[in-house]
Amino acid sequence: MSRSVRAILYSSGLLIYAASFFMVAHLDFVGKPVSGFEAAGMPGVMATILINDLLRRAPFFLRFFEYAAVFAVAFINPIFLMCAVLSPFRPGGRGLLAYRVFVPLMIPFCWIIFHYENYFPRAGHFVWISGMLFVLASGYSINQPGPALAATAAEQLDKLSSEEREKRIPAT
């Protein structure tokens, strides 16, 4: 992909991601629409309530998958935003590459919560996912070197004549 295509994917992904917060993300168990902003804050609140339940020694093992899903979903947006902000500056960083894989793997945990809480996903949820995937797949970099700077030392040496090569590389 060219740099301009990556930039378009990155910026359109961020716009789609931001737009998803203004859409209906899901319907709650009584059919009331829940906006993306409300849905983004819910896992944090639910995680706090679940921690309180654990401290009161509620039976954790009975709802293990729901507890694990709530904690995973609570970290999707912060981890994605960290990745979205840092990836243009260090696109090949080992940690960022791990997060690019880790964030999409956390998305199915939303569906576990939908199942346990009887929520019904709507367009905002899928727009949210597509926006994140656009940004994560773009691999956009602000400081990506141009073709002249990206050439390796071996490529530069191949371009030199044999006399110039001898001048630059001392005989050993």
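The values are calculated or read from the model by the stated rules, or taken from the named source; none is laboratory data. It should be emphasised that the depicted structure is a prediction, and the values quoted were computed from it without experimental measurement. For neighbour counting, all protein chains shown are included, and Cβ atoms are generated from backbone atoms with ideal geometry for every residue, glycine included.
Summary of computed values
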{"item": "Positions within region 4-43 being surrounded by 13 or more Cβ atoms within 10 Å (Cβ to Cβ) and over 22 Å from F126 (Cβ atoms), in sequence order", "result": "R6, A7"}
{"item": "Sole exception among (1) part of a helix (DSSP H, G or I); (2) surrounded by fewer than 16 Cβ atoms within 10 Å (Cβ to Cβ) for R90, by number", "result": "(1)"}
{"item": "Enumeration of residues in region 67-77 that are under 21 Å from L15 (Cα atoms) and either at pLDDT below 85 or among the polar types (S, T, N, Q) (or both)", "result": "N77"}
{"item": "Evaluation of M46 against (1) at pLDDT 90 or above; (2) buried (at least 17 other Cβ atoms within 10 Å of the Cβ); (3) over 23 Å from L136 (Cα atoms) (one fails), failing number", "result": "(1)"}
{"item": "Contacts under 7 angstrom Cβ, first residue in region 24-51 being in contact (Cβ under 8 Å) with a residue 24 or more places away in the chain and within 14 Å of A69 (Cβ to Cβ), partner among the β-branched types (V, I, T) and in a helix (DSSP H, G or I), 6 or more apart", "result": "P43/V70; P43/V73; M46/V70; A47/V70"}
{"item": "Condition check for F21: of a type in the set (F, W, Y) and more than 21 Å from A137 (Cβ to Cβ)", "result": "no"}
{"item": "Residue within region 135-148 that is hydrophobic (A, V, I, L, M, F, W, C), at pLDDT 80 or above and surrounded by fewer than 18 Cβ atoms within 10 Å (Cβ to Cβ) present", "result": "yes"}
{"item": "Cβ pairs under 6 Å, 6+ apart, first in region 112-129 and surrounded by 16 or more Cβ atoms within 10 Å (Cβ to Cβ) and at pLDDT 90 or above, second in a helix (DSSP H, G or I) and not hydrophobic (A, V, I, L, M, F, W, C)", "result": "G124/S20; G124/G36; V127/S20; W128/S20"}
{"item": "Only listed residue being assigned to a helix (DSSP H, G or I) and at pLDDT 80 or above, chosen from F22, F80, F64", "result": "F80"}
